[in-house]
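A.B. asks: Have a look at this one.
The values are calculated or read from the model by the stated rules, or taken from the named source; none is laboratory data. Quick caveat: nothing in here was measured; it's all calculated off a predicted structure. Positions of Cβ are backbone-derived with ideal geometry, glycine not excepted, and every protein chain shown enters the neighbour counts.
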Amino acid sequence: MVRQIKQKPMNWIERLYIFEAFRGLWTTLKHALRGLLRYETLPTVPYPEIKPEISRTYRAKHRLMLRPDGTPRCVACGMCATACPAHCIFLEAAPAEDGRIEKRVLRFDIDHLVCVFCGLCVEACPVDALRMDTCDTSYVFRKREDFVTPMYQLMSWDPKDYPQDDLQSQMAPGGTKNKQALDAWGLKVN
Amino acid sequence: MTPEAQEGNIFTSSLDFLVNWGRKNSLWPFPYGTACCAIEFMSTETARYDLSRIGSEYVRFTPRQSDVLLVAGTITYKQAPILKRIYEQMAEPRWVIAMGACACSGGFYDCYCTVPGIDHIIPVDVYIGGCPPRPESFFDAMFDLQKKVEDESYMKQRAERLKEQIEDIKRKSKECREDLVLRKNEACEMVSNTVRSKVNDVLDVFPFKKGR
Amino acid sequence: MNFFETLFPVLETKFNVEKDASAHWDHSVIAKASVLRDLITFLKNDESSKMEMLLDIVGIDYLGFQDYESPRFAVEYVLKSISRPGNRVRVKVFVSEQDLEVPTISNLYPIANWQEREVYDQYGIIFTGHPDLRRILNHVEFEGHPLRKDYPAHRRQWLSTNDFLLPALEKRLESKGYKVVERSKEVLPNEDEYLTGSIQE
């Protein structure tokens, strides 16, 4: 079906065009003034000043979880490096002096340039030593070497950012509220 | 080239400041998007992120009018000559941003067809990691690039370029002179050869007595 | 009743095909390369099968396969019926390394043109009678066939030029009624003109 739309004939004011042109310009001016005076009503996010809210479940930069004594929870089994599709985890193991674990980790580097943030390493980890909940999503450097994150950087996270009542980071197996893990380390279970 | 031109003074440094100010606030990107990173780049153009805020007003789809080559996505070996040619077509000054794991390092494509990082082909100024990176990462890269542009010195670059050109001209003129000498000798030899052969021909046609 | 149980005796008497023992969840027959064209013509046109659609042509390299000797390569044709929904048949042809030749079926199914080119590109199997057997995915300068098992997985090949596609474009323009005034000339990578734009490792 074809529907014909009849255009209304223009009256003499519209035919002058000068007033219509100003009417169009007024719309533009309104937007310009809105950007100047009421910036907060615009949909634009002024990025460097206002950072976006990123959920804890977003797969961001890795962090290495720690035992109560401050050593990394990693037992250097190599499961994460095996599961990694991009081969970006480099780890070295050494025999541990502590009797409760077999191996300890000497070197644990992640190349965040090659990493594709799939989260398979986190899923593969048997002791929940690796997590991706730092909410750090921006990786910008001028050299390729700067992207390799060594172990001490992965371990140096602030415990204040991950509060005890945060279920995502504490109630997971191996977290501080986990009875089994605390038993193994001879700590009090609350 | 006088050494005064290479050192900074009030005129050159203020000119540098002016040129860099103009350059850094009008970095027009050329999106070389081959994969999903290009979709993330497209969202920086939307009203929510609005790339025009930082002066990258237009996305230019011709290398002649753009300053930043944004390589977003996997570059295969078949694609590599095209990327190289596009980089060569861009007018100086030019900068390159490698966006995403594939463009920076090949990512998890470790195979016969993927280039392990575009820095094997063209120089890269800023790398963005992530698969794909968020639009905020791209903004971070642009701010980083703006800082890099600020640190550059237009006059120093110009002096270096002039020096290179002069050396080039000297080298080429020397080569030309040697070539000319060589050719002159060749031509002389050729002329003498032809003359000798002509004389021999004439001698053959009109055999004079050898004893004369 | 399963359509394959009625179809297979016909194929067995006519084309001397065998059942593929390795096929567990679909119907597959092994044919010889000499009867392949007749077999596929029969499968396409006969009332009992009516395979109007060629889903895919697959190349297989059996090098290093467990408990397997020769021949090394195989080509598989996956056929599907549209008028009888659900009927599918795979036809497998073994190709030895000494003579890598299979007759083309590109005049039966037009899509087979590109699919055979892909199999040729990745495995080096030659389809005799193919109208335009060139590489389709890889570059013209590429050496070897990358999906063969003996191609080293980490071997990289740097290419110097991009594909010269202008003749194909001119041909297409001419078929649409345009007149090509000036033919384009390819600059070879070893010529001086090209060297400035070449890639060095």
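A.B. asks: Identify all residues within the stretch B:18-54 that are within 14 Å of chain A (Cβ to nearest Cβ) and among the small types (Gly, Ala, Ser); write none if there are none.
C.D. replies: Correct list: B:Ala35, B:Ser43, B:Ala47, B:Ser52.
A.B. asks: May I ask you to list the residues in the stretch C:141-154 that are under 24 Å from the mean Cα position of the chain (by Cα) and on the phi < 0 side of the Ramachandran plot? Please lay out each step first, then the result.
C.D. replies: First pass over the stretch C:141-154, keeping only residues under 24 Å from the mean Cα position of the chain (by Cα): C:141-153.
Listed by number, the residues that qualify are C:Glu141, C:Phe142, C:Glu143, C:His145, C:Pro146, C:Leu147, C:Arg148, C:Lys149, C:Asp150, C:Tyr151, C:Pro152, C:Ala153.
A.B. asks: Hey, another quick one. When you check C:Thr13 against the structure, is it more than 29 Å from C:Leu133 (Cα to Cα), exposed (fewer than 12 other Cβ atoms within 10 Å of the Cβ) and touching a residue at least 12 places away in the same chain (Cβ under 8 Å), yes or no? Explain how you work it out, then say what you get.
C.D. replies: Numbers: more than 29 Å from C:Leu133 (Cα to Cα): yes; exposed (fewer than 12 other Cβ atoms within 10 Å of the Cβ): yes; touching a residue at least 12 places away in the same chain (Cβ under 8 Å): no.
No; evaluated as a whole, the condition is false for this residue.
A.B. asks: Sticking with this one: Can you tell me which residue is farthest from A:Lys103 (Cα to Cα) among those in the stretch A:41-89 that are of a type in the set (Asp, Glu) and within 14 Å of another protein chain (Cβ to nearest Cβ)? Reasoning before the result, please.
C.D. replies: Of the residues in the stretch A:41-89, the ones of a type in the set (Asp, Glu) are A:49, A:53, A:69.
Still in the list and also within 14 Å of another protein chain (Cβ to nearest Cβ): A:49, A:53.
Values: A:Glu49: 45, A:Glu53: 38 Å.
Out of the qualifying residues, it is A:Glu49.
A.B. asks: Grab the helices (runs of 4 or more DSSP H) fully contained in the stretch A:1-106, keeping just those with 1 or more residues being touching a Cys at 6+ places or on another chain (Cβ under 8 Å) and within 29 Å of A:Thr149 (Cα to Cα). Show your work before the answer.
C.D. replies: Details: elements: A:12-16, A:18-37, A:79-83.
Per the criteria, A:79-83.
A.B. asks: Test of understanding: among B:Lys84, B:Lys163, which residue is more than 30 Å from B:Ser13 (Cβ to Cβ) and more than 12 Å from chain A (Cβ to nearest Cβ)?
C.D. replies: Numbers: B:Lys163 fails: more than 30 Å from B:Ser13 (Cβ to Cβ).
Just a single option satisfies the conditions, and that option is B:Lys84.
A.B. asks: Scan the stretch C:26-49 for residues that are assigned to a loop (DSSP other than H, G, I, E, B) and buried (at least 16 other Cβ atoms within 10 Å of the Cβ) and jot them down.
C.D. replies: So in the stretch C:26-49, the residues assigned to a loop (DSSP other than H, G, I, E, B) come out as C:26-27, C:32, C:46-49.
Passing the criteria: C:His27, C:Ser49.
A.B. asks: So, one more: Which residues, counting only those in the stretch A:110-124, are away from chain B (no Cβ under 14 Å) and either crowded, with 16+ Cβ neighbours inside 10 Å or in contact with a Gly (Cβ under 9 Å, 6 or more places away or on another chain) (or both)? Show your work before the answer.
C.D. replies: Going through the stretch A:110-124, the residues away from chain B (no Cβ under 14 Å) turn out to be A:122-124.
Residues satisfying the conditions are A:Val122, A:Ala124.
A.B. asks: Scan B:Asp119, B:Asp110, B:Asp125 and give me the residue that is farther than 20 Å from C:Leu159 by Cβ, within 11 Å of chain A (Cβ to nearest Cβ) and surrounded by fewer than 20 Cβ atoms within 10 Å (Cβ to Cβ). Show your work before the answer.
C.D. replies: Numbers: B:Asp119 fails: farther than 20 Å from C:Leu159 by Cβ; B:Asp110 fails: farther than 20 Å from C:Leu159 by Cβ.
Exactly one residue qualifies, and that residue is B:Asp125.
A.B. asks: Could we say that A:Pro72 is surrounded by 12 or more Cβ atoms within 10 Å (Cβ to Cβ) and modelled with pLDDT under 90 here?
C.D. replies: Values: surrounded by 12 or more Cβ atoms within 10 Å (Cβ to Cβ): yes; modelled with pLDDT under 90: yes.
Yes.
A.B. asks: Hey, among the residues in the stretch A:135-150 that are more than 8 Å from chain B (Cβ to nearest Cβ) and either among the β-branched types (Val, Ile, Thr) or in contact (Cβ under 8 Å) with a residue 60 or more places away in the chain (or both), which one's farthest from A:Val114 (Cα to Cα)?
C.D. replies: Going through the qualifying residues, I end up with A:Cys135.
A.B. asks: Pick out the one residue from B:Ala141, B:Ala101 that is under 30 Å from C:Leu147 (Cβ atoms), surrounded by 20 or more Cβ atoms within 10 Å (Cβ to Cβ), within 7 Å of another protein chain (Cβ to nearest Cβ) and at pLDDT 90 or above. Steps first, please.
C.D. replies: Working: B:Ala141 fails: under 30 Å from C:Leu147 (Cβ atoms).
Sole residue among the options that is under 30 Å from C:Leu147 (Cβ atoms), surrounded by 20 or more Cβ atoms within 10 Å (Cβ to Cβ), within 7 Å of another protein chain (Cβ to nearest Cβ) and at pLDDT 90 or above: B:Ala101.
A.B. asks: Assess whether C:Val91 counts as being of a type in the set (Val, Ile, Thr), over 26 Å from C:Gly124 (Cβ atoms), surrounded by 13 or more Cβ atoms within 10 Å (Cβ to Cβ) and in contact (Cβ under 8 Å) with a residue 24 or more places away in the chain. Write out each step before concluding.
C.D. replies: Details: of a type in the set (Val, Ile, Thr): yes; over 26 Å from C:Gly124 (Cβ atoms): no; surrounded by 13 or more Cβ atoms within 10 Å (Cβ to Cβ): yes; in contact (Cβ under 8 Å) with a residue 24 or more places away in the chain: yes.
So C:Val91 does not fit the description; no.
A.B. asks: For the subset of the stretch C:155-170 comprising residues that are over 24 Å from the mean Cα position of the chain (by Cα) and not in a loop (DSSP other than H, G, I, E, B), which member is farthest from the other protein chains (Cβ to nearest Cβ)?
C.D. replies: Per the stated criteria, the residue is C:Glu170.
A.B. asks: Which one is farthest from C:Val35 (Cα to Cα) among residues in the stretch C:90-120 that are of a type in the set (D, E, K, R) and more than 8 Å from the chain's Cα centre (by Cα)?
C.D. replies: Quick first cut of the stretch C:90-120, residues of a type in the set (D, E, K, R) only: C:90, C:92, C:97, C:99, C:101, C:116-118.
Next, from what is left, pick out any that are more than 8 Å from the chain's Cα centre (by Cα): C:90, C:92, C:97, C:99, C:101.
Numbers: C:Arg90: 15, C:Lys92: 12, C:Glu97: 19, C:Asp99: 16, C:Glu101: 13 Å.
Out of the qualifying residues, it is C:Glu97.
A.B. asks: Now for a different question. Here are some residues: A:Ile54, A:Ile13. Which one is more than 52 Å from the chain's Cα centre (by Cα) and among the β-branched types (Val, Ile, Thr)?
C.D. replies: Details: A:Ile54 fails: more than 52 Å from the chain's Cα centre (by Cα).
The match here is A:Ile13.
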